[in-house]
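Take a look at the structure below.
None of the figures in this text is laboratory data; all of them are computed from the coordinates on show. Computed from a prediction, not measured in an experiment: that's the story for all the values here. Please note: Cβ atoms are built from the backbone with ideal geometry, for glycine as well, and neighbour counts cover all protein chains shown.
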Amino acid sequence: MEFSSRVTSITPSSTLAITAKAKQLKAEGHDVIGLGAGEPDFNTPQYIIEASYQSMLDGHTKYTPAAGLPALKGAIAQKFKADQGIEYAADEIIVTSGAKHSLSLLFQTILQEGEEVIIPSPYWVSYPEQVKVAGGVPVFIEGKEEQNFKVTKEQIEQVITDKTKAFIINSPSNPTGVMYSKEELKIIGDVCLEHDILIVSDEIYEKLIYGRESHVSIAEISDALKEQTVIVNGVSKSHSMTGWRIGYTAGNKEIINKMSNVASHTTSNPAVMSQYGAIAAYQEDDGSVGNMRDAFEERLNKVYDQLNGIPGFSCVKPQGAFYLFPNVKEAVEKSPFNSTDEWVTALLEEEKVAVVPGSGFGSPDNIRLSYATSLDQFEEALGRIRRFVDKYN
Ligand code: PLP
């Protein structure tokens, strides 16, 4: 059978091979430490689970509007007002089955065949593939390590063509954890305004920020930037609700309306019990979101220096999310392995530590380690990585 060229152009996730291998080694009885996780290691807070359970007992087990329950949109609108100081009406918000679904609906909605989306690298693995599935063309610009992985106005200007439709910003970023300041966002925003490029702001790690920094959304900087931006967010990372599949997009009501039309013919509404859980997540607060953030920050502060001290490793200090993205080029060059991918596979085979190679994030000299795992496990993993590196030093 001949398959759709949009689908055959997609590269399989680089994390899959390593995850499959880690699973196989675990099944064989090996003590594998997985640092590949893209989700918090805490359970969903109890009050959210209870609210969802109660909603089902109350009979809320049927279809909802495709774009989500009005009560949940209201809770999301309140969250935007409280956290970002921006107002969205109900028809400017769509609730989706996760932030990933939001992004995929968005690209399907805005892209004509061949239109371009500017993606700063290192990037979250799904952006380019989602753009391609929607018929678009990903255009990469490199956030250089010496610039803390951030892209500049000049880099954006260099790749703008008459086909440029959107620019993706993910701050704090997966995989680097770095965050753009308000001043940097304004400069980038002005370029997008000048060339009428839609800004897609993925703010899924907004609640996981460390030190004295605080989150700034590019949409809160000015009315013009709010108009030019669609925000994608969700409860997966903030409330440890990855399995519930609730995300959302806020922005121009025509875009939201078209996304809702696509959703109404594809997925329909996100699971109703998850939507009730998300209402509770935003309307109540038992301190869990802050406690989880504090736990991540403590881990980051304990492990960052140890990781950076491994010979041949250098790591930009993250300001948010729960990943470390060290450059391991020197360590790989000293080893007998020809690429970071091979080095990562050998680390798993020899020391039973699973990390994600940077190639899938557009950064082949780096690896991604997630500290959404216990401190004991992480420190044990660092010891094993060090032993592996020392072997070839
Ligand atoms: N955006 C980024 C940058 C992510 O890292 C992830 C999840 O890993 C998502 C979006 C998707 O989140 P969700 O679980 O809400 O689909």
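Look at the dipole of the chain built from charges on Cβ: of 235, 167, 362, the Cα furthest out on the positive end belongs to 235.
Go through segment 1-102 and name the GluC sites (Glu not before Pro) that are in a DSSP coil and have 13 or fewer other Cβ atoms within 10 Å of their Cβ. Present the calculation step by step, with values, prior to reporting the outcome.
Numbers: sites: 2, 28, 50, 87, 92; in loops: 2, 28, 87.
Loop-located and lightly packed - 2, 28, 87.
Given a Förster distance of 30 angstrom, what is the FRET efficiency for residue 19 paired with residue 212, based on the Cβ-Cβ distance and rounded to 0.05?
Numbers: r = 35 Å, r/R0 = 1.18.
The formula returns an efficiency of 0.25 here.
Extension gain, residue 377 to residue 41: 0.36 nm times the residue separation minus the Cα-Cα distance gives 119.8 nm.
What's the Kirkwood radius of segment 166-236 in Å, using all Cα pairs? For segment 166-236, inverting the mean 1/r across all distinct Cα pairs yields 12.3 Å. By DSSP, the beta bridges lying fully in segment 46-283 are antiparallel in about 30 percent of cases. In this rough spin-label picture, where each label sits 7 Å from Cα along the Cβ direction, the residue 113-residue 267 distance is 2.7 nm. From the alpha carbon centroid of segment 326-345 to that of segment 235-288 is 40 Å.
With respect to the chain, whose longest principal axis is taken over its alpha-carbon atoms, helix 99-110 is tilted by about 60°. Of all aspartates and glutamates in the structure, the ones whose alpha carbon falls short of 13 Å from that of residue 132, not counting any fewer than 8 places away in one chain, are 113, 115, 116. Considering only chymotrypsin sites (Phe, Trp or Tyr not before Pro) in DSSP loops that have at most 11 other Cβ atoms within 10 Å, the longest stretch of the chain without any of them is 64-393. Comparing 134, 13, 215 along the charge dipole axis of the chain, the residue lying farthest to the positive side is 13, per the Cβ-charge model. Across every direction, the projection of the convex hull enclosing the Cα atoms of segment 1-138 has a mean area of 13.7 nm². The C-alpha atoms of the chain define a longest principal axis, and helix 272-283 lies at about 90 degrees to it. For the pair residue 222 and residue 5, label points projected 7 Å from Cα toward Cβ lie 4.1 nm apart. Relative to the longest principal Cα axis of the chain, at what angle does helix 288-308 sit, 0 to 90 degrees, rounded to 10? Taking the Cα atoms of the chain, the angle to 288-308 is about 30 degrees.
Cross-link partners for residue 62 among the lysines, with Cα-Cα distance under 28 Å and sequence neighbours closer than 8 places in the same chain left out: 73, 79, 100, 237, 253, 258.
Restrict the search to segment 143-246; then list the trypsin sites (Lys or Arg not before Pro) that DSSP places in a loop and that have at most 11 other Cβ atoms within 10 Å of their Cβ.
On the way: sites: 144, 150, 153, 163, 165, 182, 186, 207, 212, 226, 237, 245; in loops: 144, 150, 163, 207, 212, 237, 245.
Filter output for segment 143-246: 212.
The mean sequence distance of close C-alpha pairs (under 8 Å, at least 6 residues apart), as a share of the length of segment 46-283, puts its relative contact order at 31 percent. Taking the inverse of the mean reciprocal distance over all distinct Cα pairs, the Kirkwood hydrodynamic radius of segment 302-384 comes to 12.9 Å. Along the axis of the charge dipole computed for the chain (Cβ charges of +1 for Lys and Arg, -1 for Asp and Glu, origin at the Cα centre), the listed residues 288, 197, 185 are led at the positive end by 288.
Shape class of segment 46-283 from the Cα gyration tensor (axes a ≥ b ≥ c, square roots of the eigenvalues): prolate, since a/c reaches 1.5 or more and a/b is larger than b/c.
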